[in-house]
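Enquirer: Structure in structure tokens, see below.
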Amino acid sequence: MDFLIANWGSFIGVLGLAASIGGLVYAFLARRAAKSAEQAASEARHAITRRLSLVDVQRAVALIDRLKDVHYQRNWDYALGLYAELRMTLSEIGTSIPENFDQYRSLIRSAIPQVIALENLVRRSRYENEDREPENISSLDETLSEIQENLETLQSSMMYTDETVSS
Amino acid sequence: MAEMKDVVAKLAELTEQGQVRWKTTVDKSAFAATFGKLSVLISAMDTRPLSDIASYRLSVLDEQGNEIDFATARWGPSVTGVKLPNLVPLYDSAKRTALGVDRRLEELLNEMNQVSNS
């Protein structure tokens with residue numbers, strides 16, 4: 001007891017040191033937990049963006065398939081509405097595409113003036129040439145197929161990344 | 001304030017330097033190039049049959065393909081006072097770039113040189 005009374009200052013010092021170390025360990029662990037939570041939130045955000053973009057890519061691919069059918073049916077007025085929808089969808093993809101798929105962004109964006117040219121060609125044939133059909137309909141489908149091919153490559157890359165991330 | 005004549009001049013300059021990737025479109029008389037979110041589409045427009053006047057149009061398209069501005073020029077022996085005279089040579093340069101005319105002519109010359117040397 002005498003020893004305790006004589007050295008109380010040292011004991012308090014030791015206790016203080018232990019408390020400081022405990023505090024440091026606690027702060028370190030808390031920081032690590034916060035970082036992990038932040039990383040998990042960021043990964044979840046990226047996964048959601050990827051899924052949303054993937055839905056848009058799948059919608060654009062389906063729209064192109066629909067357009068090819070509509071070309072085959074010679075339903076040009078309906079096709080004009082679908083071209084506009086396709087442009088909007090491509091624009092969405094161009095904006096929301098995740099950063100790690102940047103190489104596709106310019107490909108998708110450069111498809112938009114291609115669709116406009118297609119649209120202009122059909123519109124001119126219909127409204128300026130007395131309801132005539134556009135010449136060389138197969139070239140319309142060829143343009144759409146090129147866009148579709150790029151979209152499908154993007155789609156597989158995104159699906160592959162999704163599988164890699166989730167496994 | 002940026003104007004279409006500035007856009008035409010800059011496009012002409014960059015095209016001459018080979019820095020614009022003009023692409024063919026489904027419309028044989030229209031060529032497109034993309035710069036970030038925006039695109040340009042240059043086309044030779046239909047003229048009346050037997051007319052010696054050609055019309056050219058340069059459209060600036062936003063990220064959804066909506067036309068946000070455009071410039072036009074009519075060209076022909078009987079046309080005077082063309083507003084944007086450099087739109088016509090820009091169309092020709094865009095066409096040559098998109099179709100790879102220079103490269104193909106060079107290929108042709110090489111082939112012909114080989115024939116004449118053999």
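The values are calculated or read from the model by the stated rules, or taken from the named source; none is laboratory data. Remember, it's a predicted structure, so these values are computed and weren't measured experimentally. Don't worry about glycine lacking a Cβ; one is built from the backbone with ideal geometry, like all the others, and counts go over all protein chains shown.
Enquirer: Can you name the residue in region A:98-141 that is touching a residue at least 24 places away in the same chain (Cβ under 8 Å) and outside any helix (DSSP H, G or I) and, of all such residues, is farthest from residue B:43 (Cα to Cα)?
Expert: A:98
Enquirer: Further question on the same structure: Considering only residues that are within 9 Å of another protein chain (Cβ to nearest Cβ) and not in a strand (DSSP E or B), look in region B:29-43 and name the one that is surrounded by the fewest Cβ atoms within 10 Å (Cβ to Cβ).
Expert: Looking at the filtered set, the residue picked out is B:36.
Enquirer: Shifting gears a bit: Using the structure shown, decide if residue A:84 is within 11 Å of chain B (Cβ to nearest Cβ), in contact with a strand residue (DSSP E or B) (Cβ under 9 Å, 6 or more places away or on another chain) and among the hydrophobic types (A, V, I, L, M, F, W, C).
Expert: Taking the combined requirement at face value, the residue does not satisfy it.
Enquirer: Now, a different point. Scan region A:92-108 residue by residue and report those that are facing another protein chain (nearest Cβ under 9 Å) and crowded, with 21+ Cβ neighbours inside 10 Å.
Expert: Answer for region A:92-108, where residues must be facing another protein chain (nearest Cβ under 9 Å) and crowded, with 21+ Cβ neighbours inside 10 Å: just A:94.
Enquirer: Filter region B:1-50 down to the residues that are closer than 14 Å to residue B:92 by Cβ and polar (S, T, N, Q) and list them by number.
Expert: Passing the criteria: B:15, B:29, B:43.
Enquirer: Kindly indicate whether residue B:63 is among the acidic types (Asp, Glu), farther than 20 Å from residue B:26 by Cβ and touching a Ser or Thr at 6+ places or on another chain (Cβ under 8 Å).
Expert: yes
Enquirer: Something else: Restricting attention to region A:117-132, which residues are facing chain B (nearest Cβ under 7 Å) and touching a Phe, Trp or Tyr at 6+ places or on another chain (Cβ under 8 Å)?
Expert: A:118
Enquirer: Out of curiosity, is residue A:92 under 16 Å from residue B:41 (Cα atoms) and in contact (Cβ under 8 Å) with a residue 24 or more places away in the chain?
Expert: In short, no.
Enquirer: If you don't mind, there's one more thing I want to ask. Checking residue B:21 against (1) within 14 Å of chain A (Cβ to nearest Cβ); (2) in contact with a strand residue (DSSP E or B) (Cβ under 9 Å, 6 or more places away or on another chain); (3) modelled with pLDDT of 90 or more; (4) surrounded by 15 or more Cβ atoms within 10 Å (Cβ to Cβ), which single condition isn't satisfied?
Expert: (4)
Enquirer: Further, regarding this structure: Can you confirm whether region B:56-70 contains a residue that is modelled with pLDDT under 90 and either among the charged types (D, E, K, R) or part of a loop (DSSP other than H, G, I, E, B) (or both)?
Expert: No, that holds for no residue.
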